[in-house]
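Engineer: Take this structure first; my questions come after.
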């Protein structure tokens, strides 16, 4: 079959790219990089098209014509395409494109609906009626993603369940690890849910989007606050949505809802790349369960009451000054202060008994469907929605992010799992979580999607050591790793499970000890889905596919920076020449009682102030031989002590030059509750509804 390459002008490219929804990639016409170009190949009786990476094409200028530098067989990173997809390099779709004599193929060009994500050469076939495909193959499979995120406390259950009183009956999670690749040094970008999830979604440290705290408010406190993930942030869902993926989020969000009105939904998942959302816009707290002690920080409640008293005093003083003529104060100013005082009072008053109604609710897309939510029924409802999403989108590429409510306090489980384990409420919650995962995996298998679905399991931070009820440990345990939730430097707060499974692509039973991060998910998924990373901002994550597939032996990360709020507490240096992993601590929390390994008596350990220690001579650990961070090194015991500190300090200086100021989402003005921002399914303030009639589980 004779072939020749047809040169393409800019107009041709725009015509061809519109069906692929990739015209956004060509916003900067003078330099096309990190995207793909369609090349039309003509034959004696028809035509078909192939897609090659842009790095095989010369830099384009409006006056130039684009030619490929090599045939598709030679295209790809490292000089060749992925063998898994080589059979599709000449595949043509029988689309019966009509073509008059002498007409070019661009006139009737149509794209295949099957994006092949890996390697250098993707094929979207076009051919004339009667032309046989060069290789009679079935359409290439569409790539899908399936994420599982469990909030906290699961770290060592996954990695080392034996010997520490851990629940052992987790067959589905164990199966994921057996059939996939396990990451033993997988790291959260923050030790708390809201900032960790912001970093996970965007591939950037949370402080870059204003989702970290410089004060004491380290997570969003209300559904009715104005803080949240800014709309100008790019999530992995938004990238895949632009590539034609069906995208869904089921479970916990905790990235904010509204900005200025009850219905603007500026922070809502549907404004961050998700086509479908079902779950909690907030997070689980004790207030969601009747009979549990309030979860809201008592210190925060005290600040609200103190602020209310101060504002009352200010209003009285201003009013007296106005009436007596002691100060030229306008009634407008007094009225404004009075309204602000009322707002602080309502926020304080709501914290005493209305938290369950304001924060504990379920939404389907923009609609509140259950307020307050019934915790015991939440898991079956979310499972049903996850299964339904997979079944609805089984024929095309999809991204499903399942953000489980397990195993977060107050550790609510259905009656079926209550008392089933031998490890109390925590063990029951773990076993129910494992069952939920198994049901979702079973659906993927039943729909024939296993081999085209990447499954990823992780947690957003370490176990919550301070979560106790009497002698019962409710927040999990972190084994040999020091510290826990809220501690930005110690391993127990940030080292989390990480499992990737993709049969036929990733090696089964693989174990990787290299440092990796939750922020790596965005660039990894963008690469697999054919998307491009934004170039107007810093992306801290790295593409993990070469490491996961075994193409490279070392992590793409040399340095990882560990923050507590906006405060840099520690830095990890992966010295690839020696294989050592050094950890430098600049700040550590003051444990209470001393040596306890946690801050008992508080919700979590603080990040700054009198409750932390600043080390003039930083603490240095070699995690390769001391993962529990029990034996700090010194100049007397480590010859490279000074060299390591100097190298890390240079990295910190370079890192700080990448930081630019952004609006703070956790400021007091954004954290405080506003009645006009509160999601409500009735007439405010009478917010009560339950439209979740069918509560049956999809499987017995």
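Engineer: Checking the conditions here, which among 504, 531, 486 is in a loop (DSSP other than H, G, I, E, B), within 20 Å of the chain's Cα centre (by Cα) and on the phi > 0 side of the Ramachandran plot?
Structural biologist: Of the residues listed, the single one that is in a loop (DSSP other than H, G, I, E, B), within 20 Å of the chain's Cα centre (by Cα) and on the phi > 0 side of the Ramachandran plot is 486.
Engineer: Evaluate the following for residue 319: is it modelled with pLDDT of 85 or more, touching a helix residue (DSSP H, G or I) at 6+ places or on another chain (Cβ under 8 Å) and either in a loop (DSSP other than H, G, I, E, B) or closer than 30 Å to residue 196 by Cβ (or both)?
Structural biologist: no
Engineer: Same structure, new question: Look at the stretch 662-691 and say how many of its residues are more than 25 Å from residue 198 (Cα to Cα) and in contact with a helix residue (DSSP H, G or I) (Cβ under 6 Å, 6 or more places away or on another chain).
Structural biologist: 1
Residues checked against (1) within 20 Å of residue 518 (Cα to Cα); (2) surrounded by fewer than 24 Cβ atoms within 10 Å (Cβ to Cβ); (3) modelled with pLDDT of 95 or more:
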| position | (1), (2), (3) |
| --- | --- |
| 229 | yes, no, yes |
| 238 | yes, yes, yes |
| 246 | no, yes, no |
| 269 | yes, no, yes |
| 272 | yes, no, yes |
| 278 | no, yes, yes |
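Engineer: Only residues that are touching a strand residue (DSSP E or B) at 6+ places or on another chain (Cβ under 7 Å) and over 26 Å from residue 172 (Cα atoms): list them for the stretch 478-489, please.
Structural biologist: Selection gives 487, 488, 489.
Engineer: Yes or no: the stretch 611-620 includes at least one residue that is under 17 Å from residue 574 (Cβ atoms) and crowded, with 18+ Cβ neighbours inside 10 Å.
Structural biologist: yes
Engineer: Could you grab me the full set of residues in the stretch 451-477 that are under 30 Å from residue 507 (Cβ atoms) and in contact with a strand residue (DSSP E or B) (Cβ under 9 Å, 6 or more places away or on another chain)?
Structural biologist: Of everything in the stretch 451-477, those that are under 30 Å from residue 507 (Cβ atoms) and in contact with a strand residue (DSSP E or B) (Cβ under 9 Å, 6 or more places away or on another chain) turn out to be 452, 453, 454, 455, 456, 457, 458, 459, 460, 461, 462, 463.
Engineer: With the condition kept exactly as written, say whether any residue in the stretch 169-191 is within 13 Å of residue 665 (Cα to Cα) and under 13 Å from the mean Cα position of the chain (by Cα).
Structural biologist: No, because not a single residue in the stretch 169-191 is within 13 Å of residue 665 (Cα to Cα) and under 13 Å from the mean Cα position of the chain (by Cα).
Engineer: Within the stretch 334-378, how many residues are in contact with a strand residue (DSSP E or B) (Cβ under 6 Å, 6 or more places away or on another chain) and assigned to a helix (DSSP H, G or I)?
Structural biologist: The total comes to 0.
Engineer: Oh, and also: Of everything in the stretch 379-397 that's surrounded by 22 or more Cβ atoms within 10 Å (Cβ to Cβ) and not in a helix (DSSP H, G or I), which residue is farthest from the chain's Cα centre (by Cα)?
Structural biologist: Filtering the stretch 379-397 for residues that are surrounded by 22 or more Cβ atoms within 10 Å (Cβ to Cβ) and not in a helix (DSSP H, G or I), the one farthest from the chain's Cα centre (by Cα) comes out as 393.
Engineer: Conditions first: (1) closer than 21 Å to residue 488 by Cα; (2) over 26 Å from the mean Cα position of the chain (by Cα); (3) part of a helix (DSSP H, G or I); (4) free of Cβ contacts under 8 Å to residues at least 12 places away in the same chain. Residue 596 passes all but one, so which condition is the exception?
Structural biologist: Here residue 596 clears every test but (3).
Engineer: For the stretch 643-691, which residues satisfy the criterion of being crowded, with 16+ Cβ neighbours inside 10 Å and part of a loop (DSSP other than H, G, I, E, B)?
Structural biologist: Within the stretch 643-691, 664, 665, 666, 667, 672, 673, 674, 678, 679, 680, 681, 687 meet the criteria.
The values are calculated or read from the model by the stated rules, or taken from the named source; none is laboratory data. Computed from a prediction, not measured in an experiment: that's the story for all the values here. Methodologically, a virtual Cβ is constructed for each residue, glycine included, from the backbone with ideal geometry; neighbour enumeration extends over all protein chains shown.
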